[in-house]
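Undergrad: Sending over a structure as structure tokens; questions will come in a sec.
The values are calculated or read from the model by the stated rules, or taken from the named source; none is laboratory data. This one's a predicted model, so the numbers in the text were calculated from it and none came from an experiment. Backbone-built Cβ (ideal geometry, glycine too); neighbour counts: all protein chains shown. Heavy atoms of the whole protein, side chains included, go into the accessibility calculation; ligands, DNA and RNA do not. Shrake-Rupley method; radii C 1.70, N 1.55, O 1.52, S 1.80 Å.
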Amino acid sequence: MVVAEVPKLASAAEYFFKMGVEGKRFRPTVLLLMATALNVQISKPASEGVADMFSTELRTRLQSIAEITEMIHVASLLHDDVLDDADTRRGIGSLNFVMGNKISVLAGDFLLSRACITLASLKNTEVVSLIATAVEHLVTGETMQMSSSAEERSSMDYYLQKTYYKTASLISNSCKSIALLTGQTTEVALLAYEYGKNLGLAFQLIDDVLDFTGTSSSLGKGSLSDIRHGIVTAPILYAIEEFPELRSVVDRGLDNPENMDLALEYLGKSHGIQRTRELAAKHASLASAAIPCQRTMTRMFKDPDGHLKN
Ligand code: FPP
Ligand code: MG
């Protein structure tokens with residue numbers, strides 16, 4: 001899917017799809033698990049052969065959602081590394097560091113356009129709209145992060161909204177797309193969305209903790225990267241609740257090394273890391289709470305032969 005006519009563009013677009021640097025593949029894994037959980041027989045097959053053809057075609061469509069989501073995710077990382085002036089990603093030099101900003105932006109655009117072509121081939125306007133909304137949310141979240149006021153930077157609501165846009169929207173809308181493509185009811189599709197949203201929020205909250213507690217080699221990118229860029233995440237926001245004087249340190253700018261050291265000192269004295277982990281656990285359990293419901297609802301809409309009725 002990332003084959004390009006121009007060799008330089010091809011090698012740039014493939015950069016994070018190569019063996020060893022493909023990352024955790026968190027999103028496609030979740031989506032394929034969601035597909036397996038929901039891939040129920042939708043109508044009574046005329047014969048075994050037709051049933052096989054049907055399930056093969058459906059499986060291919062669901063795999064396309066996983067691939068589209070991963071391409072959009074990698075595209076956003078290529079652009080993000082340019083914006084953050086990053087030098088490492090996934091334990092190797094970031095693409096902007098190795099090949100330059102211009103080719104990185106173009107490689108991101110290329111991946112995005114490939115994702116659009118595959119999305120269009122699914123011929124499902126609702127799914128196109130969900131995935132396009134997730135792309136809009138990525139851009140909105142990134143812009144919220146880079147252009148926040150002092151008030152917004154210290155607000156937990158603002159942080160959670162930005163986190164939904166930057167991380168949870170793509171996985172939640174993709175989970176919902178999987179549900180729609182398997183012909184599930186609106187209720188089940190909403191539960192799939194809730195599952196993805198809460199899983200995405202939990203994932204990002206833990207990622208924000210790891211930025212403080214992980215090492216550069218375990219993360220494959222620089223640690224303390226958020227705070228160094230003046231980005232306020234949940235651990236610091238909770239620390240401000242315990243030590244309101246930290247707010248003025250944050251307002252003076254965490255990108256200043258003195259302020260950063262002071263903020264880290266406050267964080268060490270606070271329960272910020274622990275409370276962030278607790279919030280992540282809450283979202284993880286909300287995500288898993290959506291799954292048993294999903295099974296119950298799927299059963300509710302099946303006829304006596306076990307076929308789903310919509
Ligand atoms: C990682 O953020 C970045 C994102 C989750 C999304 C970035 C989105 C854009 C740059 C908008 C453009 C979108 C597309 C689809 C081209 P981070 O810096 O917090 O995490 P990091 O530590 O992994 O860099
Ligand atoms: Mg970044």
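Undergrad: Is it the case that the range 103-125 has a residue that's of a type in the set (Gly, Ala, Ser), away from ligand 1 (no atom under 15 Å from the Cβ) and in a helix (DSSP H, G or I)?
TA: Restricting attention to the range 103-125, the residues satisfying the condition of being of a type in the set (Gly, Ala, Ser) are 104, 107-108, 113, 115, 120-121.
Cutting the leftovers down to away from ligand 1 (no atom under 15 Å from the Cβ) gives us 120-121.
Right, trim to in a helix (DSSP H, G or I) and you get 120-121.
Yes: the range 103-125 contains one or more residues that are of a type in the set (Gly, Ala, Ser), away from ligand 1 (no atom under 15 Å from the Cβ) and in a helix (DSSP H, G or I).
Undergrad: Considering each residue of the range 51-100, count those that are over 30 Å from SER223 (Cα atoms) and touching a residue at least 60 places away in the same chain (Cβ under 8 Å), and give that number. Full working, then the answer.
TA: Within the range 51-100, the subset over 30 Å from SER223 (Cα atoms) is 51-65.
The next check asks that each one be touching a residue at least 60 places away in the same chain (Cβ under 8 Å); those that pass are 58, 61-62, 65.
Total meeting the criteria: 4.
Undergrad: Looking at the structure I just gave you, is LEU112 open to solvent by 40 Å² or more (accessible area, probe 1.4 Å) and touching a Leu at 6+ places or on another chain (Cβ under 7 Å)? Spell out how you get there, then give the answer.
TA: Values: open to solvent by 40 Å² or more (accessible area, probe 1.4 Å): yes; touching a Leu at 6+ places or on another chain (Cβ under 7 Å): no.
In short, no.
Undergrad: Go through the range 101-119 residue by residue and tally those that are among the basic types (Lys, Arg) and either touching a residue at least 40 places away in the same chain (Cβ under 8 Å) or within 15 Å of ligand 2 (Cβ to nearest atom) (or both). Walk me through it before giving the result.
TA: Residues of the range 101-119 that are among the basic types (Lys, Arg), as a first pass: 102, 114.
Now narrow it down to the ones that are either touching a residue at least 40 places away in the same chain (Cβ under 8 Å) or within 15 Å of ligand 2 (Cβ to nearest atom) (or both): 114.
Within the range 101-119, residues that are among the basic types (Lys, Arg) and either touching a residue at least 40 places away in the same chain (Cβ under 8 Å) or within 15 Å of ligand 2 (Cβ to nearest atom) (or both) number 1.
Undergrad: Going through LEU205, LEU201, LEU160, LEU122 one at a time, which residue ends up being closer than 16 Å to VAL232 by Cβ, open to solvent by less than 20 Å² (accessible area, probe 1.4 Å) and more than 16 Å from ligand 2 (Cβ to nearest atom)?
TA: Numbers: LEU201 fails: closer than 16 Å to VAL232 by Cβ; LEU160 fails: open to solvent by less than 20 Å² (accessible area, probe 1.4 Å); LEU122 fails: closer than 16 Å to VAL232 by Cβ.
Answer to the check: LEU205.
Undergrad: Also: Could you list all residues from the range 265-281 that are without any contact (Cβ under 8 Å) to a residue 60 or more places away in the chain and open to solvent by 50 Å² or more (accessible area, probe 1.4 Å)?
TA: Kept after step one, since they are without any contact (Cβ under 8 Å) to a residue 60 or more places away in the chain, are these residues of the range 265-281: 265-272, 274-275, 278.
Within the range 265-281, GLU265, GLY268, LYS269, HIS271, GLN274, ARG275, GLU278 qualify.
Undergrad: Let me ask you something else. Of (1) more than 16 Å from ligand 2 (Cβ to nearest atom); (2) surrounded by fewer than 18 Cβ atoms within 10 Å (Cβ to Cβ), SER177 satisfies all except one. Which?
TA: (2)
Undergrad: If you don't mind, another one. Sort out which residues of the range 226-244 are among the hydroxyl-bearing types (Ser, Thr, Tyr) and either away from ligand 2 (no atom under 14 Å from the Cβ) or at pLDDT below 85 (or both), and write them in order of number.
TA: Let us first name the residues in the range 226-244 that are among the hydroxyl-bearing types (Ser, Thr, Tyr), namely 233, 238.
Once the filter is applied, which keeps residues that are among the hydroxyl-bearing types (Ser, Thr, Tyr) and either away from ligand 2 (no atom under 14 Å from the Cβ) or at pLDDT below 85 (or both), the range 226-244 yields only TYR238.
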